[in-house]
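Undergrad: Let me give you the structure first, and then I'll get to my questions.
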Amino acid sequence: MDEIRLVNAVSIPNLPWQDRPSSDKGESPVWRYSENPVIGRNPSPGVARIFNSAVVPYEGEFIAALRGEQVNGIPYVYLGRSKDGIHWDVDRDKIRFVNEKGEEFMPRYAYDPRLLKVEDTYYAIWCQDFYGAAIGMAKTTDFKTFERLENPFIPFNRNAVLFPRRVGGNYLLLSRPSDSGHTPFGDIWLSQSPDMTYWGKHRHVMNPSGNWWEGVKIGAGAAPIETSEGWLLLYHGVSSTCNGFVYSFSAAILDLDEPSRVKYRCKNYLLTPEEPYEVSGFVPNVTFPCACLCDGDTGRMAIYYGCADTYVGLAFAKVDEVVRYVIENSQVSESDTEIGLR
Ligand code: BMA
């Protein structure tokens, strides 16, 4: 295997980081931040919990789209700002979304945001009501005005994640068609658009595998990371127990030019609920990644993941070690490696 490296990655000199503790003898190439969680309960007035949230570097600091569960139980998206990616100031007000005329256009609720820069624009994507659970999208260039885009899909759908650049001239969006409740099924799909409005050329990417940790449903987590081996996709997988669902996460590597083809898929999870803040909370046993910052200079990865629908956690890894682990523990099926069109 040639040297494994990030491709098209920006340099993030202040990426949050902590070396792997020597006491950590786990075989996974991912380790947790020792001061987790980085956002605790009741983080700001009117917000009881912040968890599944996404972070981008912005003007030498960091900005986050945070899933904030209000004290009336309704989730919404708030902006957070941080100099170090660890200590966060949470905006008092929800993100104010507008339509293309600049008029206020708020979703009824919004959760599980992802946030990503594509070309010169930042895109926020979340799950919202569109006569049932569906995907909402907005764009911003200054984090002051968020203009809503057309909802990309009819309901029901969740876990939409954009690619950081066009492939074959099109923007790419992963998503997970679902039901409007606590969906007991779910595959990852890829859709393409020339303009961020019309989405089509849908391709199946992968389904829950025979691996028990991801046997019920899967969903894209962080935006795919471009590497010399392909797109590294962190995704969550759900297993069913007599006490309910357990959310772990792992990774797959998608073909760079045909990302509906899975080149490698890790048969083991990279992280599963173990720590008290992951196994105990509003919904126990949930680790739910929504973002990963990668430093182009060092190959370091900082993964932001929701913990037990209550907190935000940070985990670290090195891209070459993750890619190597996925390849060495890969198990792909025929439906993974095919193009995904029937
Ligand atoms: C999923 C989503 C996530 C949540 C998870 C576990 O269906 O609603 O926001 O973290 O369930 O409750």
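Undergrad: Between Met106 and Asp257, 0.36 nm times their residue separation minus their Cα-Cα distance comes to what?
TA: 50.8 nm
Undergrad: If you don't mind, another one. Only helical DSSP H runs with n ≥ 4 go in: add -39500 (n - 2.57) per run for the chain, normalise by residue count and round the 222 nm mean residue ellipticity to 500 deg cm²/dmol. Could the numbers behind the result be given before it?
TA: Working: 3 runs with 18 residues, N = 342.
That comes out to -1000 deg cm²/dmol.
Undergrad: For Thr287, what accessible area in Å² do you get when you roll a 1.4 Å probe over the heavy atoms of the protein chains, rounding to the nearest 10?
TA: 0
Undergrad: Could you go through the range 112-122 in sequence order and give the Karplus-derived ³J(HN,Hα) for each residue, using 6.51 cos²θ - 1.76 cosθ + 1.60 with θ = phi - 60°, rounded to whole Hz, and x for Gly and Pro?
TA: 6, x, 10, 9, 7, 8, 10, 6, 9, 10, 9
Undergrad: Compute a Gaussian network model of the chain, connecting alpha carbons closer than 10 Å, and tell me which residue from Gly60, Gly85, Gly68 fluctuates the most.
TA: Gly60
Undergrad: With the full set of protein chains in place, find how many percent of the accessible area of the chain is carbon and sulfur; take the probe as 1.4 Å.
TA: Within the chain, the accessible surface is 47 percent carbon and sulfur.
Undergrad: Rounded to two decimals, what ratio of Rg to Rh does the chain give with C-alpha atoms and a Kirkwood Rh? Don't jump to the answer; show the numbers that get you there.
TA: Details: Rg = 18.3 Å, Rh = 19.7 Å.
In the chain, Rg relative to Rh is 0.93.
Undergrad: For a quick check: with amide H placed at 1.01 Å from N, whose amide H comes under 5 Å from Val167's, ignoring anything fewer than 5 positions away on the same chain?
TA: Here the answer is Leu172, since their amide H atoms fall under 5 Å of that of Val167.
Undergrad: Right, here's the next one. In the chain, once you exclude exposed GluC sites (Glu not before Pro) (DSSP loop, at most 14 other Cβ within 10 angstrom), what's the longest stretch remaining?
TA: Formally, the longest exposed-site-free interval is 151-273.
Undergrad: Here's another thing I want to ask about it. Hey, can you find the accessible area per residue of the range 1-131 for me, probe 1.4 Å, expressed in square angstrom?
TA: Counting only protein heavy atoms, the per-residue value for the range 1-131 is 52 Å².
Undergrad: Contour minus end-to-end for Ser330 and Arg92, with contour as 0.36 nm per residue of separation and end-to-end as the Cα-Cα distance?
TA: Gain in length upon complete extension: 81.2 nm.
Undergrad: Right, next: For the chain, what is the number of Lys pairs with C-alpha distance below 24 angstrom, counting only pairs 8 or more positions apart or on separate chains?
TA: 24
Undergrad: Can you work out ³J(HN,Hα) from phi for every residue in the range 264-278, in order, using Karplus 6.51 cos²θ - 1.76 cosθ + 1.60 and θ = phi - 60°, giving whole Hz and x for Gly and Pro?
TA: Once rounded to whole Hz, the list reads 9, 8, 6, 7, 9, 6, 8, 8, 9, x, 9, 6, x, 6, 9.
Undergrad: Same structure, new question: Residues in the range 194-227 near a label at Arg342, defined as backbone nitrogen under 11 Å from the 7 Å Cα→Cβ point?
TA: Correct set: 204.
The values are calculated or read from the model by the stated rules, or taken from the named source; none is laboratory data. The model shown is predicted, which means the values in this text are computed figures rather than measured ones. Cβ: placed from backbone, ideal geometry, glycine included. Neighbour counts: every protein chain shown. Note: accessible area is taken over every heavy atom of the protein model, side chains too, but ligands, DNA and RNA are not part of it. Shrake-Rupley method; radii C 1.70, N 1.55, O 1.52, S 1.80 Å.
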